[in-house]
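The values are calculated or read from the model by the stated rules, or taken from the named source; none is laboratory data. No experiment lies behind these values; they were computed from the predicted model shown. As a convention, Cβ positions derive from the backbone with ideal geometry for all residues, glycine included, and neighbour counts pool all protein chains shown. Calculation scope for accessible area: heavy atoms of the full protein, side chains included, ligands and nucleic acids excluded. Shrake-Rupley method; radii C 1.70, N 1.55, O 1.52, S 1.80 Å.
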Amino acid sequence: MRQRSIGIDDVKRKIADLKGKSLSVSVNKGRKKILHMSGEIIDLFPSVFTFRDAAGDIVSFSYSDVICGDICFSC
């Protein structure tokens, strides 16, 4: 695994700044499966955050998914 220079605390701060804003999210599900969603971050917890997509479904992601590059945000 590749070492990243960003820490978990930095990721938590950046995600906290994005809370409530309209976002596009790309999720790497493995084996060339990439899921694209639009929505907003609705809540933050110590080890995960929740995301509501445009259809109203709520999905949770861990901060380590962001560090590993499995989740990418674009505003």
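Count charges around R52 for me, please; just the other residues with Cβ under 11 Å from its Cβ, Lys/Arg as +1, Asp/Glu as -1.
-4
What is the percent carbon and sulfur in the accessible area of the stretch 7-75, measuring with a 1.4 Å probe over the protein chains and ignoring ligands?
52 percent
Can you check how the C-alpha radius of gyration of the chain compares to 2.2 N^0.38 Å, as a plain ratio?
Ratio of Rg to 2.2 N^0.38 Å for the chain: 1.05.
Send over a whole-number figure in Å² for the accessible area per residue of the chain, probe 1.4 Å.
69 Å²
So what's the net charge close to G30: Lys and Arg +1, Asp and Glu -1, counting the other residues with Cβ under 13 Å from its Cβ?
In short, +2.
For Cα pairs less than 8 Å apart in space and 6+ apart in sequence, what is the mean separation divided by the residue count of the chain, i.e. the relative contact order in percent?
Relative contact order for the chain comes out at 31 percent.
Suppose only helical runs count, i.e. DSSP H with n ≥ 4. What mean residue ellipticity at 222 nm does that imply for the chain under -39500 (n - 2.57) per run, divided by all residues and rounded to the nearest 500 deg cm²/dmol?
-6000 deg cm²/dmol
Work out from phi, with θ = phi - 60° and the Karplus expression 6.51 cos²θ - 1.76 cosθ + 1.60, the ³J(HN,Hα) of each residue of the stretch 9-17, listed in order in whole Hz, and give x for Gly and Pro.
Whole-Hz 3J(HN,Hα) from phi for the stretch 9-17: 5, 5, 5, 4, 5, 5, 5, 4, 5.
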